[in-house]
Amino acid sequence: MKFHVTIMGCQMNVGDGDWLTRSLISLGFTPASEEEAELFILFTCSVREKPEQKVASELGRIADRHRDNPRAFVAVGGCVAQQIGQALWRRFPMVRLVFGSDGIAGAPRALARLAAEPGLRLSLLDFTETYPERDQPWPEDTVPPRAFVSIMQGCDNFCAYCIVPFVRGRQKSRGLPAVVAECEALAGRGAREITLLGQNVNSYGLDDAGDGTSFARLLDAVAAIPGIARIRFTTSHPKDLSDDVIARFADLPELCPALHLPVQSGSDAVLKRMGRRYDRAAYLLLVDKLRRARPDIALTTDLIVGFPDETDDDFRQTLDLVREVGFDSGFSFMYCDRPGTVSERMEPKIAQEVKSARLAELQALLDERLTATLAAQVGRTTEVLIEGASRRDGPTGPSWRGRDPGGRIVNMALPGVADAAGTIVRARIRQAKKHSLIGEAEADHD
């Protein structure tokens with residue numbers, strides 16, 4: 001059966017989608033375009049209302065396009081599947097499998113069974129007490145320059161606005177040997193960069209399911225694996241970012257000078273109502289420590305505007321924090337109620353027009369920061385890990401796309417190179433575009 005995977009939401013979904021794709025190929029399924037596919041797999045997000053609404057729109061569109069094919073069916077995974085569950089079956093008859101983040105390990109076999117039994121429907125929505133380990137199939141011709149490795153599942157923080165603990169369950173860390181073994185296998189297949197994934201990687205190993213290994217020790221173990229040139233991780237909760245992890249930015253050359261550190265607000269009053277368990281001063285102290293450990297570190301963040309009872313002064317404090325920290329870039333969102341969360345019951349709510357105006361002002365400031373950050377790279381020499389072909393050719397021929405250590409996208413030509421994916425190229429940045437950089441190779445690639 002031919003299948004097509006659609007990813008919505010976070011990098012955890014990207015990693016899960018990559019794994020499920022490999023698993024289905026190992027069972028004889030064939031990846032295909034949306035037009036050719038008969039099995040459609042959606043990895044979904046319900047952290048905000050808009051992505052959740054997008055799921056319903058996507059399911060309706062698939063049904064309209066493929067309703068005349070009796071073999072066609074849909075599997076819905078991720079947070080929306082966990083939140084809505086079997087109710088998706090009643091609204092969307094083409095949906096025959098719903099699976100949550102803890103149920104994905106059983107999804108390949110479930111899909112094989114569904115392909116063989118057209119009248120069947122299945123759900124994999126139970127939470128587990130330990131991390132559900134998965135087989136790691138790799139097709140023979142797969143060589144990933146960059147790879148995602150999940151180190152944990154779920155979250156114990158219960159921030160006031162966040163639905164994640166309800167749809168991904170409580171925190172469950174993988175054991176150190178399992179994580180290292182997967183990273184070693186990826187390095188053996190040619191992966192140069194590993195991104196470690198979790199809802200709060202800084203608390204890795206400290207839950208009841210973990211083996212007590214700290215996140216800093218895990219970074220040491222992964223950095224020691226031959227062949228791995230770069231390590232990244234996401235996401236970090238500021239309250240759990242330890243001095244040991246900060247020190248690794250100075251001590252481990254493999255650890256990229258880039259960190260996504262969601263602050264959510266610059267107002268202490270709002271942070272307290274959010275249940276974030278740090279204040280503005282504590283966050284700024286982390287920033288100072290990080291920059292002393294690694295002066296060139298690229299810091300990015302998440303910000304929410306319009307949290308219940310956010311005043312104009314609260315919002316101005318957020319703008320001031322963005323300027324004070326000097327983030328390289330950031331993601332900004334309007335607050336929206338999520339079912340079951342503490343903030344759903346908080347009052348007063350902020351009017352939509354006020355939230356929209358605040359979001360526009362904040363995003364304009366973040367865009368200014370991104371423009372300034374990219375412009376500052378022009379004339380510098382950096383190392384670019386080539387991920388694959390660029391979408392556009394350059395003035396001298398085919399162009400390649402990669403990232404610098406700070407995670408910035410760099411497009412560049414490599415004349416005479418037939419396949420550059422997975423190579424690290426020393427390049428001089430000669431131009432900044434709106435969201436990316438243009439580089440020029442300075443030396444032979446490795």
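The values are calculated or read from the model by the stated rules, or taken from the named source; none is laboratory data. This structure is a prediction, so every number in the text was calculated from the model and none was measured. Positions of Cβ are generated from backbone atoms using ideal geometry, with glycine treated the same way; all protein chains shown enter the neighbour counts. Heavy atoms of the whole protein, side chains included, go into the accessibility calculation; ligands, DNA and RNA do not. Shrake-Rupley method; radii C 1.70, N 1.55, O 1.52, S 1.80 Å.
So what is the calculated 222 nm ellipticity per residue for the chain, using -39500 (n - 2.57) for each DSSP H run with n of 4 or more, over all residues, to the nearest 500 deg cm²/dmol? Please report the intermediate quantities before stating the final value.
Values: 13 runs with 152 residues, N = 446.
Helix-only estimate at 222 nm: -10500 deg cm²/dmol.
Kindly work out what percent of the DSSP beta bridges joining two residues of the chain are antiparallel, to the nearest 5. Don't skip to the answer; put the middle values down first.
Working: 22 of 67 bridges.
Given both bridge residues lie in the chain, the antiparallel proportion sits at roughly 35 percent.
Just to check I understand the Karplus step: with θ = phi - 60° and J = 6.51 cos²θ - 1.76 cosθ + 1.60, what whole-Hz values come out for segment 357-362, glycine and proline as x?
Karplus-based 3J(HN,Hα) across segment 357-362 equals 5, 5, 4, 4, 5, 5 Hz.
How about residue 239: which aspartates and glutamates have a C-alpha closer than 17 Å to its C-alpha, ignoring those fewer than 8 places off in the same chain?
156, 207, 268, 279, 288, 302
Taking the simple approach of a point 7 Å from Cα along Cα-to-Cβ for both residue 91 and residue 313, what is their distance in nm?
4.2
Under the rule of at least 5 residues apart or a separate chain, name every residue whose amide H is placed under 5 Å from the amide H of residue 298.
258, 259
Would you mind checking which residues have amide H under 5 Å from residue 410's amide H? H placed 1.01 Å from N; only 5 or more apart, or other chain.
Those qualifying (amide H under 5 Å, at least 5 residues apart or on another chain) are 402, 403, 404, 437.
Between residue 353 and residue 138, with labels modelled 7 Å along Cα→Cβ, what's the label distance in nm to one decimal, could you check?
5.7
Run through segment 39-141 and list the GluC sites (Glu not before Pro) located in a DSSP loop whose Cβ has at most 12 other Cβ atoms within 10 Å. Don't jump to the answer; show the numbers that get you there.
Values: sites: 49, 52, 58, 129, 133, 140; in loops: 129, 133, 140.
Qualifying residues, ordered by number: 129, 133, 140.
Trypsin sites (Lys or Arg not before Pro) within segment 73-106: which are DSSP loop residues with at most 16 other Cβ atoms inside 10 Å? List each step's numbers first, then the result.
Numbers: sites: 90, 91, 96; in loops: none.
Counting only loop positions with at most 16 other Cβ atoms within 10 Å, none of the trypsin sites (Lys or Arg not before Pro) in segment 73-106 qualifies.
Roughly how many percent of the accessible protein surface of segment 272-372 is carbon and sulfur, given a 1.4 Å probe and a whole-percent answer?
Roughly 55 percent of what the probe reaches on segment 272-372 is carbon or sulfur.
Over the chain, what relative contact order in percent results from Cα pairs under 8 Å that are six or more residues apart? Intermediate results must be reported in sequence, preceding the final value.
Details: 894 pairs, mean separation 42.6, N = 446.
Dividing the mean separation by the residue count of the chain yields 10 percent.
What whole-number value in Å² describes the accessible area per residue of the chain for a 1.4 Å probe?
Numbers: 19440 Å² over 446 residues.
Accessible area per residue: 44 Å².
Taking a spot 7 Å from the Cα of residue 381 along the direction of its beta carbon, which residues of segment 412-430 have an amide N less than 11 Å from it?
426-429, by backbone N distance to the label point.
Nearest 20 debye, what's the magnitude of the dipole of segment 191-239 about its Cα centre given +1 on Lys and Arg Cβ and -1 on Asp and Glu Cβ? Each step should come with its number before you reach the end.
Working: 5 positive and 5 negative charges, 58 e Å.
Around 280 debye, computed over segment 191-239.
For residue 38 paired with residue 67, estimate the spin-label separation in nm (one decimal), with each label point 7 Å from Cα along the Cα-to-Cβ line.
Computed distance between label sites residue 38 and residue 67 equals 2.1 nm.
Can you run phi through the Karplus equation (6.51, -1.76, 1.60; θ = phi - 60°) for segment 405-410 and list ³J(HN,Hα) in whole Hz, with x for Gly and Pro?
Once θ is set to phi - 60°, the couplings for segment 405-410 become x, x, x, 7, 6, 10 Hz.
What percent do you get for the relative contact order of segment 181-230 when only Cα pairs under 8 Å and 6+ apart count?
Once divided by the residue count of segment 181-230, the mean separation gives 49 percent.
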